[in-house]
1. Taking VAL262, is it at pLDDT below 95 and among the aliphatic types (A, V, I, L, M)?
2. For segment 178-222, enumerate the residues that are assigned to a loop (DSSP other than H, G, I, E, B), under 23 Å from ARG239 (Cβ atoms) and touching a residue at least 40 places away in the same chain (Cβ under 8 Å).
3. Are any of the residues in segment 13-29 touching a helix residue (DSSP H, G or I) at 6+ places or on another chain (Cβ under 6 Å) and open to solvent by 70 Å² or more (accessible area, probe 1.4 Å)?
4. For segment 194-214, give me the residue count where each residue is open to solvent by 60 Å² or more (accessible area, probe 1.4 Å) and of a type outside the set (Val, Ile, Thr).
5. Give segment 175-193 a look and list any residue that's open to solvent by 70 Å² or more (accessible area, probe 1.4 Å) and closer than 22 Å to PRO134 by Cα, or say none.
6. Can you name every residue in segment 239-255 that is crowded, with 19+ Cβ neighbours inside 10 Å and more than 14 Å from GLN199 (Cα to Cα)?
7. When you go through (1) assigned to a helix (DSSP H, G or I); (2) within 24 Å of VAL262 (Cα to Cα); (3) of a type in the set (D, E, K, R) one by one for ARG128, which number turns out not to apply?
8. Among the residues of segment 227-238, write down those that are of a type outside the set (Asp, Glu), modelled with pLDDT of 95 or more and open to solvent by 20 Å² or more (accessible area, probe 1.4 Å).
Amino acid sequence: MTSAAESLFSAFEARAERAELLAPASRAAQAPLLFAASLLRAQAACAKSLATLPLTGKLADDVDRLHKPFLELLRAIEKSAPPELAADARARGQSKDSLLPPLFALWSGDSADYLSRALLRPYTETLRELSLTPDKSRGPGCGFCGGPPWVAVRRTSVETEGADGAARFLCCALCGSEKPYPRIRCPGCGEQDPAKLPQYKSETYPEARIEACESCRRYLKSIDLTIDARPIAEVDELRSVAMDLWALEQGFVRLEPGIAGV
């Protein structure tokens with residue numbers, strides 16, 4: 001195994017192990033966490049395979065090499081996903097005509113398809129590990145791949161030591177990288193009026209908060225790592241899935257669904 005393949009495999013496996021650790025104590029979120037663990041393990045195997053291929057970062061050039069690993073990932077998703085998603089995974093694997101168009105649509109920024117994102121995550125994270133710039137549409141998202149944020153973290157950094165509050169970082173749903181982002185700014189529309197940026201917390205999940213925007217009616221889930229540094233944000237935020245359901249009831253829409261599609 002190459003060093004890149006080993007690093008990628010270990011990173012996905014660590015997320016899967018975290019999901020499995022949390023599941024028994026999280027009755028309301030047990031099913032999403034167990035599905036996330038299965039998905040992450042399948043993505044680990046996919047990334048391990050991709051890291052050994054001669055990738056270019058150009059999806060159109062790489063797609064023939066990606067076809068077999070993606071089919072294997074689809075089969076794994078089909079086995080562990082909820083019925084509707086399993087049926088979608090089965091249908092996507094029938095032919096290239098059913099598999100490729102949604103991938104290229106997401107890559108060009110024309111859609112936000114959950115299953116395509118699940119397939120492209122190990123590919124894009126592999127490109128980041130190999131320092132290969134993806135030819136993906138950028139937009140205002142991640143600085144590396146242009147992907148959207150699906151969760152934020154707050155942690156103390158060198159810049160914020162002694163300051164009021166922790167720094168805020170947006171976590172990319174497509175390549176897994178983080179970028180610093182102002183605490184009082186909506187990552188969806190750029191709103192900066194504090195009065196229009198309410199935050200909601202729950203005593204049940206003290207580390208999580210809903211960071212909403214009254215202007216665009218979207219929100220991002222944030223995990224506070226100053227309370228506990230152990231969480232892996234994209235996994236641990238599933239524990240507070242009840243907060244997402246509450247936000248939906250209030251008319252907010254999440255900027256990007258989490259790892260289990262919520």
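The values are calculated or read from the model by the stated rules, or taken from the named source; none is laboratory data. Note that the structure is a prediction, hence the values are computed from the model and not measured. Quick reminder, even Gly has a Cβ in these numbers, built from the backbone with ideal geometry, and neighbours come from all protein chains shown. These accessible areas exclude ligands, DNA and RNA; they are computed on the full protein's heavy atoms, side chains included. Shrake-Rupley method; radii C 1.70, N 1.55, O 1.52, S 1.80 Å.
1. Working: at pLDDT below 95: yes; among the aliphatic types (A, V, I, L, M): yes.
Yes: the conditions hold for VAL262.
2. Within segment 178-222, just PRO187 meets the criteria.
3. Filtering segment 13-29 down to residues touching a helix residue (DSSP H, G or I) at 6+ places or on another chain (Cβ under 6 Å) leaves 13, 15-16, 18-20, 22-23, 26, 28-29.
So of that shortlist, the ones also open to solvent by 70 Å² or more (accessible area, probe 1.4 Å) come out as 20, 28.
Yes, there is a match, as at least one residue in segment 13-29 is touching a helix residue (DSSP H, G or I) at 6+ places or on another chain (Cβ under 6 Å) and open to solvent by 70 Å² or more (accessible area, probe 1.4 Å).
4. 9
5. GLU178, PRO180 - these are the residues of segment 175-193 that are open to solvent by 70 Å² or more (accessible area, probe 1.4 Å) and closer than 22 Å to PRO134 by Cα.
6. Scanning segment 239-255 gives ARG239, SER240, VAL241, LEU255.
7. Tallying (1) assigned to a helix (DSSP H, G or I); (2) within 24 Å of VAL262 (Cα to Cα); (3) of a type in the set (D, E, K, R), ARG128 fails exactly one: (2).
8. Step one: of segment 227-238, the residues of a type outside the set (Asp, Glu) are 227, 229-233, 235, 238.
Restricting the remaining residues to those that are modelled with pLDDT of 95 or more gives 232-233, 235, 238.
Passing the criteria: only ILE232.
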